[in-house]
1. For the range 205-212, does any single residue satisfy the condition of being farther than 17 Å from VAL107 by Cβ, within 12 Å of the ligand (Cβ to nearest atom), under 19 Å from the mean Cα position of the chain (by Cα) and outside any loop (DSSP other than H, G, I, E, B)?
2. Looking at (1) surrounded by 24 or more Cβ atoms within 10 Å (Cβ to Cβ); (2) away from the ligand (no atom under 14 Å from the Cβ), which is the only condition ALA126 fails?
3. How many residues, within the range 245-301, are more than 23 Å from the chain's Cα centre (by Cα) and of a type in the set (Gly, Ala, Ser)?
4. Looking only at the range 326-369, how many residues end up being of a type outside the set (A, V, I, L, M, F, W, C) and surrounded by fewer than 18 Cβ atoms within 10 Å (Cβ to Cβ)?
5. Residue pairs, Cβ under 7 Å, 6 or more apart or interchain, first in the range 37-60 and without any contact (Cβ under 8 Å) to a residue 24 or more places away in the chain, second polar (S, T, N, Q) and assigned to a helix (DSSP H, G or I). List them.
6. Going by the conditions given, is ARG299 charged (D, E, K, R) and over 22 Å from GLY184 (Cα atoms)?
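Bear in mind that the values in this text are calculations on the coordinates, not laboratory data. What you see is a predicted model; the values in this text were computed from it and never measured. Cβ placement follows ideal geometry from the backbone for every residue including glycine, while neighbour counts extend to all protein chains displayed.
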Amino acid sequence: MTGRQGRSQRPVTVSIVGSTGSIGTQALDVVNSEPDRFKVVALGAWRSVDLLVSQARQFRPDVVAIGDASAAPALAAALPPGTEVVTGIEGLVSIAPLGEVVVNAVVGFAGLPVTLAALEAGRRLALANKESLIAGAPVVQRARRTPGAEIIPVDSEHCALHQCLRAGRSPDEVARLVLTASGGPFRGRTRAELQGVTVEEALAHPTWRMGPKITVDSSTLMNKGLEVIEAHELFGVEYDRLAVIIHPQSVVHSMVEFTDGATVAQLSNPDMRLPIGYALAYPDRLQHPFGAIDWATLRRLDFEQPDRDVFVCLDLAEQAGRAGGLAPAWLNAGNEVAVAAFLEGRVGWGAIASVVADTVDACEQIPVADAGDVIEADRRARERAEQAVRRRGLAA
Ligand SMILES: NC(=O)c1ccc[n+]([C@@H]2O[C@H](COP(=O)([O-])OP(=O)(O)OC[C@H]3O[C@@H](n4cnc5c(N)ncnc54)[C@H](OP(=O)(O)O)[C@@H]3O)[C@@H](O)[C@H]2O)c1
């Protein structure tokens, strides 16, 4: 061990599943910012062949995984000689344990097998894919107990909370965790003003550039509701001690209130490379300052209560979190189906919450023995959600 922070000279090996998306490409930016510190050993995505090829040419991983097997021949033909290609979900899962750190940057419930493979192999999981922890909590929490396994959150709010809770603070000292939310593109609008909003408007996030699914989730505040469940699962804090506050500048990424009235917060400009780098470098820190604040120009930090009458997804998610068991899996599946239908123009924005509510109402709680039970619950919930989409059509 050498250096100011006592870290090893040997590069940390990294697998990135979902390397072609918003988080995945930014994870590669982080690696590129400190190339002697990290070595990419595996990359994987669903079907973005051209981007995977250019990433593989630059970062020279040993293995590249592609979910859509029909794209494998084109991928294999263009990769640097000696790069192994693996395919299908099994292929994506097989690359997770290859790195000491696994970045799960897959979008949606499809990320569950990657989360489980990383934890069951005793790896550090840099978790962007919140859906796997939320929907798969009963099995993910078991896998998390594997020796060596740990989750370092990549979501900026949970990364902030993780930083505020460091330094050996005891859970008894914590009064509340306060998650901040930008409020999304529709902050301040009434229900009437939200009638007929378009996909383009929902995708115009004021402070973050992200993939389409999470951007729509931010517009409904479902993203914040999912993050409340994520905070409960990550930090073991009960729902009565989890709060949400709107903070339009996205500079305060979340806060911990302590029992004596002190609040500790983490601030930085909105740049996902900071939380990604935190998870890659943990317990050390990156030397490259992504998101550092210029205090000479920062003028104001505003806070307001979320409008829970308009953005009902927030309460729907908190209720599912409190119900526990498979309710978050049904919530998540309902939301994924509703958001996909909205992006395809099959339902209006206002129908997203209704589809989710219909789906959660049908939730079947059964004991969860293994991941198969969660996958079956997700399948059944998607069926219900599809029926709700067909019923609601373009009415909302
Ligand atoms: N973007 C952000 O700033 C941000 C912030 C906080 C948390 N997150 C979370 O990070 C995760 C990724 O979000 P994103 O915005 O980066 O999404 P994104 O830009 O849509 O990228 C998704 C990635 O997942 C891959 N993928 C798609 N379907 C898949 C499947 N069925 N199986 C395996 N891989 C699949 C995609 O591959 P192809 O390109 O080949 O389709 C792509 O690499 C989400 O859980 C999101 O909530 C994102």
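1. Looking for residues that are farther than 17 Å from VAL107 by Cβ, within 12 Å of the ligand (Cβ to nearest atom), under 19 Å from the mean Cα position of the chain (by Cα) and outside any loop (DSSP other than H, G, I, E, B), one finds none in the range 205-212, hence no.
2. Among (1) surrounded by 24 or more Cβ atoms within 10 Å (Cβ to Cβ); (2) away from the ligand (no atom under 14 Å from the Cβ), ALA126 violates only (2).
3. 3
4. Going through the range 326-369 one residue at a time, the tally reaches 7.
5. none
6. Values: charged (D, E, K, R): yes; over 22 Å from GLY184 (Cα atoms): no.
No; evaluated as a whole, the condition is false for this residue.
Let's see how each residue does on (1) of a type outside the set (A, V, I, L, M); (2) under 18 Å from ILE95 (Cα atoms); (3) in a helix (DSSP H, G or I):
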site	(1), (2), (3)
VAL106	no, yes, no
GLY111	yes, yes, yes
LEU116	no, yes, yes
GLY122	yes, yes, no
GLU131	yes, no, yes
PRO147	yes, no, no
ILE152	no, no, no
GLU157	yes, no, yes
ALA167	no, no, no
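Yes or no, residue by residue, for (1) surrounded by 22 or more Cβ atoms within 10 Å (Cβ to Cβ); (2) touching a residue at least 40 places away in the same chain (Cβ under 8 Å):
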site	(1), (2)
ALA167	no, no
VAL178	yes, yes
SER182	no, yes
ARG191	no, yes
LEU194	no, yes
ARG209	no, yes
ILE214	yes, yes
ASP217	yes, yes
LEU221	yes, yes
